[in-house]
Structures are given as structure tokens and as C-alpha cells.
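All remarks here apply to the structure that follows.
Just so you know, all these numbers are worked out from the coordinates, no wet-lab data involved. On a predicted model such as this, the values are computed, not experimentally measured, just so you know. Note that we place each Cβ from the backbone using ideal geometry, even for glycine, and neighbour counts take in every protein chain shown.
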Amino acid sequence: MVFDGDTDTDRHALERLERDMIGWLTTVTPDGQPQTFPIWFLWDDGEALIYSDRRAKRNANIAVNPRVSLHLNDNGQGGDVVILEGEARIDEATAPVPGNPAYLVKYGAWINEHLTSAEEMATVYNVPIRIRPTRGRAFGA
């Protein structure tokens with residue numbers, strides 16, 4: 001666990017990982033170009049879980065190079081920074097969106113507003129990616 005909760009900074013970082021709705025995932029193309037894209041994520045048992053669009057290039061990027069970074073928005077003035085570095089993997093054992101109660105609690109209203117239903121979301125966002133953090137940085141809270 002990169003944030004163990006022993007310090008105020010770690011506790012704050014964990015709170016943000018639980019509650020923030022948008023993160024920024026950076027993967028690297030086979031030719032070395034970083035690509036960053038906003039994603040929805042669930043902090044799940046010490047890992048970040050993302051349901052990736054089946055058409056997203058990040059899926060192929062991760063297959064070639066599993067090293068990624070995930071960062072949360074700052075406070076608009078360069079403070080309250082939370083960054084994870086880690087190894088991503090496609091996890092076919094993860095339940096799809098309609099079968100993930102914690103994900104539905106966090107994103108259910110957004111899913112209904114933007115994608116009609118969890119079942120519809122699962123037809124496109126059906127590549128579960130888990131990120132196991134190897135390093136975490138948080139500061140400026």
C-alpha cells in the first residue's frame with residue numbers, strides 16, 4: 001500500500017481516492033509517447049479499477065507496457081496533489097459494471113445521465129483494468 005493512512009497526508013490522499021470522480025490516466029504507446037486521458041475509477045482494495053472503452057488505445061498500450069500513472073485534479077492552484085504510479089493489468093475476473101455494487105454507488109447517477117444504464121455502459125466500457133500502485137505522492141493539501 002503506497003498510502004498506509006499513518007499520516008494526515010496519507011489519510012487525505014486515501015479520502016480523495018475514495019471520493020474523487022475523475023482521474024487522469026497516463027499510458028505509453030509502443031513508440032514511447034505518453035498519452036493521458038480522463039477516466040472514471042473506483043478505489044478498490046488498494047487498487048484503482050477502471051472500466052475501459054473496448055476501443056481505447058490505452059488497452060493496447062497497457063498490453064505492451066503496463067507501467068502507468070494516475071493523478072487526481074489539483075485544487076486549481078497547484079496544491080492538493082495526489083499521484084499514483086503503478087502497474088496496470090486487464091482483469092477479466094472483475095465483474096462487469098452492472099455486477100459491481102460499489103461502482104454503481106459511486107457512478108450510478110452519472111451512468112444513468114450520460115449512458116442510460118449500467119447494462120448499456122457495459123457494452124462499450126467492458127475492459128476492466130486494475131492498477132496496482134507501486135509509488136504514491138501526495139502534497140499540498
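Applying the Karplus relation 6.51 cos²θ - 1.76 cosθ + 1.60 with θ = phi - 60° to the stretch 121-135 yields 3J(HN,Hα) values of 4, 5, 6, 10, 8, 10, 10, x, 10, 10, 10, 8, x, 10, 7 Hz, where x marks Gly and Pro. The gain in end-to-end length when the Trp110 to Arg132 segment is fully stretched comes to 5.4 nm, 0.36 nm per residue minus the alpha carbon separation.
Just to confirm the filter: which trypsin sites (Lys or Arg not before Pro) across the stretch 53-139 are DSSP coil and have at most 13 other Cβ within 10 angstrom of their Cβ? Walk me through the numbers before you get to the answer.
Values: sites: Arg54, Arg55, Lys57, Arg58, Arg67, Arg89, Lys106, Arg130, Arg135, Arg137; in loops: Arg54, Arg55.
The qualifying sites are Arg54, Arg55.
Could you grab the relative contact order for the chain? Cα pairs under 8 Å, six or more apart, rounded to a whole percent.
30 percent
Between Asn65 and Thr29, the modelled labels are 1.1 nm apart [label points 7 Å from Cα along Cα→Cβ].
Residues whose amide H falls under 5 Å from that of Ala141, counting only those 5 or more places apart or on a different chain, are Asp80, Val81, with hydrogens built in the peptide plane.
Where only DSSP H runs of four or more residues are counted, the chain gives -9000 deg cm²/dmol as its mean residue ellipticity at 222 nm, each run worth -39500 (n - 2.57). Cα centroids of the stretch 80-99 and the stretch 63-79: 13 Å apart. Loop-located GluC sites (Glu not before Pro) in the stretch 1-106 (DSSP state other than H, G, I, E, B) with a sparse environment of at most 11 neighbouring Cβ atoms within 10 Å: Glu92.
Whole-Hz Karplus values for the stretch 79-89 come out as x, 6, 8, 9, 9, 10, 10, x, 10, 9, 8 Hz, taken residue by residue from phi with 6.51 cos²θ - 1.76 cosθ + 1.60 and θ = phi - 60°; glycine and proline positions read x.
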